[in-house]
Structures are given as C-alpha cells and as structure tokens.
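Single-structure report; data block below.
Bear in mind that the values in this text are calculations on the coordinates, not laboratory data. Keep in mind it's a predicted model, so treat the numbers as computed, not measured. Cβ coordinates were reconstructed from backbone atoms using ideal geometry, including for glycine residues, and neighbour counts include every protein chain displayed.
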Amino acid sequence: MTQNSDSQKRKLKYAGRAILITMIIVPFIPFMLAIGVSFHYFTTALENNTRASLERIVSDHGDMVDTFLMERKSDLLLIAAMINFDAAMNNGYLHDILAHLKARSPAFIDLGLFDEKGLHLSYSGDYALKGKQYQDEFWFNEVMEKGAYISDIFLGYRKIPHFVIAVRRESEGRRWVLRATIDTLFFDQLVSTVHIGKSGEAYILNHQGIAQTGRRLEGVPIMAKDPDFEKFPGVSNVQNKKRASTPTHHAKDQTVFQNPLVAKTFKQSGRGGNAYVYAVTSVNDGAWLLVVRQEKQDAFAAFYAALYLSVAITLVGGAVIVGLAFYVTQRILHWIETLTHEKESLGNQLIRASQLAEIGEMAAGFAHEINNPLQIIKGEHSLMEMLLGEMTKSEESKIALISFPKDEWHTFVSEIGESLDQVRLQINRCSEITSAVLKFGRQTEIKHQALFPSQLIPEILKMIRNKAAVNGVEISCRVADDIPAFMGDAAQFQQVMLNLFNNALDAVVSRHGVSGGALTITSNCHNEKEIEIQISDNGVGIRPDHIDKIFSPFFTTKAVGKGSGLGLSVCYGIIESFGGTMGVNSKPGEGTTFTISLPAV
Ligand code: ADP
C-alpha cells in the first residue's frame, strides 16, 4: 500500500495545512478588527482628551495672567486718577502710594512720575532714576500715544530685565505719566506655576519669540530668543514689518507671530529632538503668547500605555489563536487518520467479502470443471479394474499370465499405461483448478509491486477459458509485450480482472446463449505515462438508468444467489488505490466496454 499511503499522507498534509490556515485566519480577522477599532477609538478619545486638557490649561492660565496684568493696570489708572500732580512731585508721597500698591500686590517694585517731555520728575524705588530722560524710550512713546501701556521685558537704565506698566494723565492743562515696574521674578513665578505631568511648563513669548518669562526645562533665559519659536505654526519671516501692537525695540528681528492663536494645540519637536505638544494662547491684548507645552511621551503616556497593552493583547491573543489552531488541527488530523484507517480496513473487508461471493458464484463452474476430469478418472479406473480382473480371473492365471499371448499382453500393458497417463493428466487438471481457486480465495497481505499486464492478463484469462469455451464465448487478448508496468497488488488486480471477465461472460450468455459471444481484452500505453486496459463484450449492455449505479455496493441486476452487487464497487476501490481510474461505456443490446487507466512506472 506504499503508493496509496504516500498519496494519502500527501492529501492529509494539504488538508492539515488548509485547516491550520483557516483556523488561524478566520478568528484572526475579527480579532484584529476588534483590537484595531477599539484601539483607534480609544486612542483618538485619549488624544482628544489630552489636547482638550492642555487647551483648557493654557486658556485658564492665560485668563489668570490677563487678570493679573489688568488688575495692576487698573491699580495704576486708579492711582493716577486720584493723585494730584504737584503732590506726586514729592518723593515721600510716591513712597506712600507705592506702599499702598505693594499692599495690593507684591508685584510692584517701584513707581515714577514723568512729565510730557519724558523727564523723570519723582521716583520711589531702589534705583537712581530721578532726573533721567525717557523721551526716546519706546514705552514712553507708546503710553503717550495710547494712554496706558504694558511693555515687553527690557533692560532700561537699570540694565536689569524688567517690564513696566505706565498710564498717562491729563489734568490742569498738563500731561504726565505714572509708571510702575513689575517684579520680574514675581511675574516669572506666576506664569511658570503650571505643573502638568513630569515635563509640562508654561512661559510667555512676545511676537518676536523673545522670552518674557524663563523656561524651566530647557534653560532659555528671560529676553533670549526661543529657538523653537520659528517652527510654530503661523510664524513667518516678514521683512521690515512692524505690528502696531508690537514693541519697536526689537524691530531688527523680523520674525513675527502673525496669527495669535486662541488655545490652539500643535505638535512639534524641541531642541533636544524630543517631540512636544504645545498649547498657545494670546495674552496682554494679543501682545504676548502664553505657551504651555509638554513632552509628547509624557502627555500621551496613557496613549502609549494603551498602545503597549494593545500590542501585548495582540501578541498574546495571536499566540493563543495559533496555539489553539495547531492543537485543534492536530486533533482533526488524528481523527481523520483514524477514520481513514477504519475506512481502509472496512474496504479490505469488503474486498474479502466480494472475493468470497465471487468464489461462491464460481463454485458451480469449478465443480463442473472438476467433475469432467473426475468422470474420466473414474472411467479409466474401471477399465484398469476390468483388465486386471481379466488377468487374475482363472486359477491358472499365473500360468496364463506367463503363457499369455504376447500380442494381447502388449495390448493390456499399453492400455493400462494410457489409462494411468490419463489419470495423471486429469489429476493435474483438478489440482490446477483447485490451486487457482485456493490462490484466489487465500487472503494474502496486500503488497504493491510493478505488475506487467502482458504477463498477468493471460494468466488470469486461463481461469475463465474453460467457462468461456463451454458457453461458446470467443476470447481475444491483444496485450502487447512492451506495455510498461504499473504499481499494484497482484491478487487484487486478479480479483478486478476476474470480476470484469465473469460479468462480461454473464452478459454475453444472457444475450447469445451458448454461441456467438465475444470477449476482447486490449491494452495500450499513452505517452509512456498511462496504461489503458479495456475489457469489451458483445453482451446485453447496461441500461442508461443503471450506468450511474453499477459502481455502488450491492447494486445487482442478477438473480438472488448469482450476484452480490459488490464486484464493481470493489474493483473501483482497488483501481483507485492503485492511483488509477475506472470507467464504463455501454449500449444496451450491443455490448459493454470497461476502461481502466493506470499510471505507468
Ligand atoms: P454483480 O456482478 O454481483 O451483480 P457487480 O458489481 O459486479 O455485481 O455488477 C453490478 C451490475 O452491473 C451487474 O448486476 C450488471 O447488471 C451490471 N454489469 C456489470 N458488468 C456488466 C457487463 N459487462 N455487461 C452488462 N452489465 C454488466
């Protein structure tokens, strides 16, 4: 069964692979879809949340900074409205006012009064600024023009970074300016007290990207240019462009922020190459930008946790699916193998059953064949008995035997010799017949080997030659000697041929009686690859409505006791196990041809 079991193994391997792939792909697709869709929605929601939270923080913080600036400006406006210019010329008076302002907010550090020409008339604070001229200072021009002004950070006469809030007053035909300096450190802390995650920070830039407060994490000092500013969306280089709201002392720097953003977020990489999420909003009437930023890794920590979790779930889930698929496939293959073995053993039992049925059917024929030689043996035996009886009949037989006429003696001896020859011949015939029956009926182990049609077919034909002769069926066998061999079991091939020959003889006898029948066996080889064996008869043929059924087990049109209906189904199974095919072509009333195709070796 090697060829058969090899192809069986190959089929099982393909089936196993197909089952495995299906078992992996079928659950994997919905699994990946479920993971993908939930990951997408979950992470989108997380990202939106993170952005929304940054936007809220920058917006709240911006409101706080604006409120602070607004309150300080209102404080100054109120003071300017309340005080008298002449009184304010007195330093002591200014000291008192500064003390009141400091009580309201420790952010105030000094206070000064200026006439409309920019001359510093009186001053309360730690620097010797009284009498200094401010006519050309940018903040002085701005306040004279606008009435109230909050400056960017600058160095001024004191050469220390600071910013001022100034208000203009017109009273008694005079225009004068009251100016307060805000504590840079205080403001810096006010702005930078934003704590978001590990890497969150807040700072203020003016429209040229100059830091108005320090940057906690990357060490950008106050008044330095923010190196990341150029990359902000909405920032562009504009030649000689000055914004009305932008201080003029940085006019040499041509980079301006054109579209002040309102609580907008964007992603961008920082100096160290780390990616950041930014949220930016305008403060100080659009003059400054409040920037809140956080490292992307930190801001989207929950996002990355979800990502790693999804990857882990995918890997574990995938491994479970693959593992289960392997396990189930192995179980199914084992199951198929067991069923195949069971089927094989059932097939063998069927073959055996059909063999026995065939023997039963052929028994009558064999009995008839053995009977003829036995009758001859019996006749010869009687003749020898008679001759011997005659020789020993009389008393003087011994003498007679001696004095037997020579001619008669010779005749007796030769007749006995002929009878003995006949007896030996007939006994040999009987033993040939019985050994053929025994050989056919013996259940031998199935052994696939190269079988040559030119040797086997004439051998098998010998078994039916007598039956054919008795029924007047002419057999012609056209099997060329050079037909290549095929792989199969000899006993099984004999069973197939005998079954087909016997069916043909039955069909021929049904149509022609005991004369006029013909059985033809031909064999050809196509392309040295395929051997074709055809068994044709001129019997009754097969009805078209029976053609589809003849290979089914237990289909028979023969009388009870004559046919079992197993023959053709077993033949079909045997030829299939040789790797071949079997087909039939029949015309009722004309004859039938069975064609067997087998791979040549
Ligand atoms: P069984 O010979 O026991 O009936 P088979 O399986 O060998 O079982 O054959 C099934 C049926 O096929 C036969 O009963 C017969 O009707 C039909 N058949 C087989 N061979 C021939 C043939 N050469 N000519 C006509 N009919 C045939």
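A few comments on the model shown:
- Of the GluC sites (Glu not before Pro) found in region 453-542, those in coil by DSSP whose Cβ has at most 11 other Cβ atoms within 10 Å are Glu528.
- The residue among Asn274, Met89, Pro588 whose Cα reaches farthest toward the positive pole of the charge dipole of the chain, with charges on the beta-carbon of Lys, Arg, Asp and Glu, is Met89.
- Convex hull volume per residue for the chain, taking Cα atoms only, in Å³: 284
- Taking the charge dipole of the chain about its Cα centre, with +1 at Lys and Arg Cβ atoms and -1 at Asp and Glu Cβ atoms, the residue from His40, Pro161, Leu12 reaching farthest to the positive side is Pro161.
- Table column - 3J(HN,Hα) (Hz), region 508-520, Karplus curve with 6.51, -1.76, 1.60, x for Gly and Pro: 5, 5, 4, 8, 9, x, 9, 8, x, x, 9, 10, 10
- Degrees separating the helix 2-82 axis from the principal Cα axis of the chain, which is the longest one: 10
- Computed from label points 7 Å out along Cα-Cβ, the spacing between Glu432 and Ile416 is 2.8 nm.
- Chymotrypsin sites (Phe, Trp or Tyr not before Pro) restricted to DSSP loop in region 69-116 with at most 15 other C-beta within 10 Å: none
- Efficiency of FRET from Cβ geometry, Lys130 and Glu71, R₀ 30 Å, rounded to 0.05: 0.65
- Of the peptides 129-142, 561-574, the ranking by mean beta-carbon count within 10 Å, highest at the top, reads 561-574, 129-142.
- Given Lys9/Lys447; Lys73/Lys130; Lys117/Lys146; Lys73/Lys117; Lys343/Lys462; Lys73/Lys132, the pairs whose alpha carbons are separated by over 26 Å: Lys343/Lys462
- In order along region 157-162, the phi-based Karplus estimate (6.51 cos²θ - 1.76 cosθ + 1.60, θ = phi - 60°) of 3J(HN,Hα) comes to 5, 7, 6, 10, x, 7 Hz; Gly and Pro are listed as x.
- Top positive-direction residue, dipole computed over the chain with Cβ charges, set Gly563, Phe493, Leu333: Leu333
- ³J(HN,Hα), Karplus 6.51/-1.76/1.60, whole Hz, each residue of region 93-103, x for Gly, Pro: 5, 4, 4, 4, 5, 4, 4, 5, 5, 4, 5
- Spin-label pair Ala480/Asp6, simplified geometry with 7 Å Cα→Cβ offset, distance in nm: 2.6
- Value at 222 nm in deg cm²/dmol, rounded to 500, when DSSP H runs of n ≥ 4 in the chain each add -39,500 (n - 2.57): -18000 deg cm²/dmol
- Cα-projected label distance for Ser192 with Ala87, points at 7 Å along beta-carbon direction, nm: 4.0
- Extension gain, Val37 to Asp285, is 84.9 nm, computed as 0.36 nm per intervening residue step minus the present C-alpha separation.
- Net charge dipole size for the chain [Lys, Arg +1 and Asp, Glu -1 on Cβ; Debye, nearest 20]: 2380
- Extension gain, Gln330 to Ala450, is 39.7 nm, computed as 0.36 nm per intervening residue step minus the present C-alpha separation.
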